[in-house]
Amino acid sequence: MSTARPLLMIPGPIEVSPEVRDACGGAPPGHLAPGVIEAFGGSLERMRQVWLADASSQPFIVGGGGTVAMEMAAANLVAPGDRALVVVTGYFSDRMAEMLRRAGANVTRVDAAVGATPCLDEVRAAICGVKLLFATHVDTSTGVRVDAEALARLASENGVLSVFDGVCATAAERFDMKGWSADVYLTASQKAIGLPAGLALMVVSARAMEKRRSLPHAPPMYLDWLEWLPVMQAYEARRPAYFSTPPTNLILGLDIGLRQILAHGIEARFELHRRCAAAMRGAWRAMGLSLVPVSEALAAHTLSAIRFPDGVDASLVAEIGKRGVVVAGGLHPAIRSEYFRVGHMGYAATRTEMLRTTIGAIGGALLDRGRKFDLALVLDAAQETLERSVVGSD
Ligand SMILES: *Cc1c(COP(=O)(O)O)cnc(C)c1O
């Protein structure tokens, strides 16, 4: 690992594996190049495996980011006046609610205190007459994970389409699209998928595709699933097709990234993130820090949202940066200056030395501010947990 470059431990973009970087880093191939066709088709197939989706579902790979994927879900699923229910857990669910409103939905929000999630009964009480339910699997602004399984099942039992923003979760937090009958699970390349930014990725159920076909109007062309469908079908059949030029370097990287995620099996990947998060949370606790999520059960496995302890302010983020590790400041408007965020997903979750370096930089910055703990002990405890758990580390 180069010491000249800081370690990027924010909740996306993240550190990428050397293999992904190499795959993305070559001279740009054409979108009709045989290698791109194979990587594109293979990636669509592997997305179903990572999403635990069935053969009737439709994966999409589109140039853009998480926000484009969210926009596509709103544009393809909302008929004017449709009632949409948004489970609000932070900054990104707020964004989703506004997108749905602009798409013509009649939006009902179910809110919760910062760091909490609305309880399922409140969502159940609001679901009558609703056409679409939206939730953020992991809200990157609070580090809170919703119970996606319960929400997806509730939606499906009530004949409601469910959409989950998995941008800070997909491929790291367990999500069983088929088992839970979820309708759209969307993400972007730069989070737990482990690529540079630039791809919007989503898998769409047959029911959701039906809803798009029944819309009384066509969405903006770039967002329209039906414009992209023939392109996805062609690539999956290993034929090239064109609607808008895909970021070809990223397609080559995606194929490698998804293969790496699936190398030990997707369930092992989820478990890796669970254990990695346990080790990181153990370290925060041992340093006397507390989390934004109000309970351990709600804390995401992909990032930690950590409150500044007494006597420490947001300048800590820059201090950590001086120690060679980039972490993120607060994002949720209500508590922006009260906490910081550390990503621990994707490639970094497989690299004990990156996680140790991160704990070391945060611990060192806190000791400089007069906090009291034994950093060597904190690191030893984290190391022990990680050595027991990290798959593929060497
Ligand atoms: C990062 C993120 C987004 C936005 O993705 P962009 O690629 O920045 O547009 C949306 N939702 C969640 C949960 C995110 O973490």
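The values are calculated or read from the model by the stated rules, or taken from the named source; none is laboratory data. Keep in mind it's a predicted model, so treat the numbers as computed, not measured. Ideal geometry is used to build each Cβ from the backbone, glycine not excepted, and the neighbour counts take in all protein chains shown. Each accessible area value is taken on the protein alone, full model and side chains, heavy atoms only, with ligands, DNA and RNA left out. Shrake-Rupley method; radii C 1.70, N 1.55, O 1.52, S 1.80 Å.
Here are the numbers for the structure shown:
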item: Diffusion coefficient, µm² s⁻¹, Stokes-Einstein with Kirkwood Rh over alpha-carbon pairs of the chain at 25 °C and 0.890 mPa s; result: 115 µm²/s
item: Accessible area of the chain belonging to carbon and sulfur atoms, whole % at 1.4 Å probe; result: 53 percent
item: Stretch gain in nm, segment A268-E157, where the contour uses 0.36 nm per residue and the Cα spacing is subtracted; result: 37.0 nm
item: Full-stretch length increase - R101, T67 - with 0.36 nm per residue and alpha-carbon distance subtracted; result: 10.7 nm
item: Length-normalised contact order for the chain - Cα pairs under 8 Å, 6+ apart - percent; result: 24 percent
item: Reachable aspartates and glutamates from K372, criterion Cα separation under 16 angstrom, eight or more residues apart if same chain; result: D310
item: Spherically averaged projected area of region 332-394 from its Cα convex hull (nm²); result: 5.4 nm²
item: Residues of type lysines that K191 reaches as a straight line, Cα spacing below 23 Å, ignoring anything fewer than 8 places off in the same chain; result: K178
item: Cα-only radius of gyration and Dmax that characterise region 1-135, units Å; result: 19.5, 56
item: Cα-Cα pairs of region 174-323 separated by more than 25 Å (percent); result: 50 percent
item: Globularity ratio of region 50-104, using Cα Rg and 2.2 N^0.38 Å; result: 1.26
item: With DNA, RNA and ligands ignored, accessible area of S57 (1.4 Å probe; Å², nearest 10); result: 10 Å²
item: Rg ratio (alpha-carbon, reference 2.2 N^0.38 Å) - region 256-394; result: 1.04
item: Surface accessible to a 1.4 Å probe, E173 within the full protein complex, Å²; result: 10 Å²
item: Within region 213-231, backbone nitrogen closer than 11 Å to the virtual label 7 Å beyond the Cα of F243 toward Cβ; result: 219-231
item: Region 90-231, Rg to Rh (Cα coordinates; Rh as Kirkwood inverse mean 1/r); result: 0.94
item: Rule-of-thumb Rg ratio for region 257-328 [Cα; 2.2 N^0.38 Å; N residues]; result: 1.33
item: Kirkwood-based Rg to Rh ratio, region 9-82, C-alpha trace; result: 1.03
item: Listed residue (T117, Y91, P80) projecting farthest to the positive dipole end of region 72-127, Cβ model; result: P80
